[in-house]
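One structure is given below, encoded as structure tokens.
The values are calculated or read from the model by the stated rules, or taken from the named source; none is laboratory data. It should be emphasised that the depicted structure is a prediction, and the values quoted were computed from it without experimental measurement. Please note: Cβ atoms are built from the backbone with ideal geometry, for glycine as well, and neighbour counts cover all protein chains shown.
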Amino acid sequence: MSNTTVAINITPGEHIHWHLFGVTLNGDTITSTLIAGGIVLLLGFLVRRKASAREPTKLQLAFEAVVQYVEKQVEDTMGIKTAPFVVPLAMALFLFIFISNLLAIVPTGHHPEYAPPPASDVNLTYALAVLVIGTMHVVGIRKKGLRGYYGHLFRKPYLLIPLNIIEEIMKPVTLSLRLFGNIFAGTIMVALIAAMPAVILWLPDILWKLFDAFIGLIQAFIFALLTIIYFSSVAPAKEGASH
Amino acid sequence: MAHHTELAAGNFLVPNATFIAEFIAFLLILLIIARYILPRVEGPLRERQEIIRKQMEDSDEAKRKLAEAEEKYKAALVEAREEAAQIREHARAEAQRTIEELRAQALEEQARIIARGEEQLATQRNAIVRELRTEIGTLAVELSEKIIDQRLSDDAQVRATVDSFIAGLEAQDIAQAGSQS
């Protein structure tokens, strides 16, 4: 196998395709989504089964740490009472994206991988971003009315109105592509390292995968945090606070 | 279900139907977490926070009670010391009084003993005087005999002689009583 072949093999957008009822689905993404989701729910139900106030398990403490952090962030940015549903949303996003990204560490030895990190497919990241930003708009309009919710875009200075609108439109794009770019780049790095001679590739492979796990954590954290921050726009406006 | 690899025909940033599948999948995960998992994490968390809050409150309460008890203890100690001092003072005064009482009693006793002694002496002396007076008759007879023997010529001389004899006897009695007491 020559290096050129490997380089061709990592062509972006290459997926295992399933054809179902006339539509094409990226089977690898769906598989890994199900695996990651399964792991998250399995861990969640393990916690649920043994949850206790006096004798928490380590897993329970980990979940509690996530919940506490999310609750604190939500409380600080908008107040939990403004949008209590943001807590489970941010928690689910963080746990799911984190576990998903960790799948990047596990190789299946097939090309393309049977279970690549699902966030290396824009379909997942778009879906998450649309869910988050869509919910944000719906809740914002329902809470503050059309004029009230979008009013802050059209405030003085008028010169910035186009920028405000672009920023609003860009929110889902940046949210999804940031995650996609980071994780997708990770898979490309692994493919590049795999092109190295077998004698030395293990060292950069180990180092990269450790780093990649860290990136996975950071990206999950950023996605959840940005979700919370974006949702703060549905909170009642404080005078002079929004711009 | 066809299962094969394809190179992406177009731009890899363009989504396909997988989008819908992913959307639904995450929505399900979100709903399950929100409905079943989050409450079971939050519940014990709140409960533990409540327990900790209560324990801290209890601890504060215990500290307060301890301080209170210490305060009471100190107060009681001071009181006890005062009381002890009072008792000591009282005891000293009592002892002093007892001593004085006993001394007064002793003096009284002494005076009584002395008085009784004197009384006894006086009684004895009187008895002796009485006894002597009864003996005076005998003595007088003896004296008369002596006078007769001397062939008394003068009455006055005789009376003087008797008087001086009696005076001599009385002087002897007083001297005897004085040496006895």
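Worth a mention:
- Criterion: surrounded by 13 or more Cβ atoms within 10 Å (Cβ to Cβ), free of Cβ contacts under 8 Å to residues at least 60 places away in the same chain and under 26 Å from the mean Cα position of the chain (by Cα) - qualifying residue of A:Leu201, A:Leu217, A:Leu226: A:Leu226
- Test for A:Lys81: is it among the charged types (D, E, K, R), modelled with pLDDT under 80 and out of contact with any strand residue (DSSP E or B) (no Cβ under 9 Å at 6 or more places or on another chain): yes
- Lone qualifier among A:Ala104, A:Ala119, A:Ala83, A:Ala127 - being in contact with a helix residue (DSSP H, G or I) (Cβ under 6 Å, 6 or more places away or on another chain), surrounded by 20 or more Cβ atoms within 10 Å (Cβ to Cβ) and more than 23 Å from A:Gly38 (Cα to Cα): A:Ala83
- Exclusive hit being within 14 Å of chain A (Cβ to nearest Cβ), surrounded by 13 or more Cβ atoms within 10 Å (Cβ to Cβ), within 25 Å of A:Leu131 (Cα to Cα) and out of contact with any Asp or Glu (no Cβ under 7 Å at 6 or more places or on another chain), set B:Ile20, B:Ile24: B:Ile20
- Residues considered: B:Arg53, B:Arg64, B:Arg48. Of these, the only one that is away from every other protein chain (no Cβ under 14 Å), among the basic types (Lys, Arg) and either more than 30 Å from A:Thr57 (Cβ to Cβ) or surrounded by 10 or more Cβ atoms within 10 Å (Cβ to Cβ) (or both) is B:Arg64.
- From the options A:Tyr150, A:Tyr158, residue that is within 27 Å of the chain's Cα centre (by Cα), more than 18 Å from A:Ala92 (Cβ to Cβ) and aromatic (Phe, Trp, Tyr): A:Tyr150
- Filter result for B:Ala2 (more than 7 Å from chain A (Cβ to nearest Cβ) and at pLDDT below 80): no
- Within segment B:18-64, tally of residues that are over 26 Å from A:Phe98 (Cβ atoms) and not hydroxyl-bearing (Ser, Thr, Tyr): 15
- Some residue of segment A:82-96 being free of Cβ contacts under 8 Å to residues at least 24 places away in the same chain, in contact with a Leu (Cβ under 9 Å, 6 or more places away or on another chain), of a type in the set (A, V, I, L, M) and over 26 Å from B:Asn16 (Cβ atoms): yes
Yes/no per residue for (1) in contact with a Phe, Trp or Tyr (Cβ under 7 Å, 6 or more places away or on another chain); (2) more than 15 Å from A:Phe223 (Cβ to Cβ); (3) part of a loop (DSSP other than H, G, I, E, B):
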site: A:Glu64; (1), (2), (3): no, yes, no
site: A:Lys72; (1), (2), (3): no, yes, no
site: A:Glu75; (1), (2), (3): no, yes, no
site: A:Thr82; (1), (2), (3): no, yes, yes
site: A:Leu95; (1), (2), (3): no, no, no
site: A:Phe98; (1), (2), (3): no, no, no
site: A:Ala104; (1), (2), (3): no, yes, no
site: A:Thr108; (1), (2), (3): yes, yes, yes
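- Within segment A:46-59, restricting attention to residues that are more than 7 Å from chain B (Cβ to nearest Cβ) and at pLDDT 85 or above, the residue that is nearest to the chain's Cα centre (by Cα) is A:Leu59.
- Looking across segment A:104-114, the residues that are away from chain B (no Cβ under 14 Å) and at pLDDT 75 or above come down to A:Ala104, A:Ile105, A:Val106, A:Pro107.
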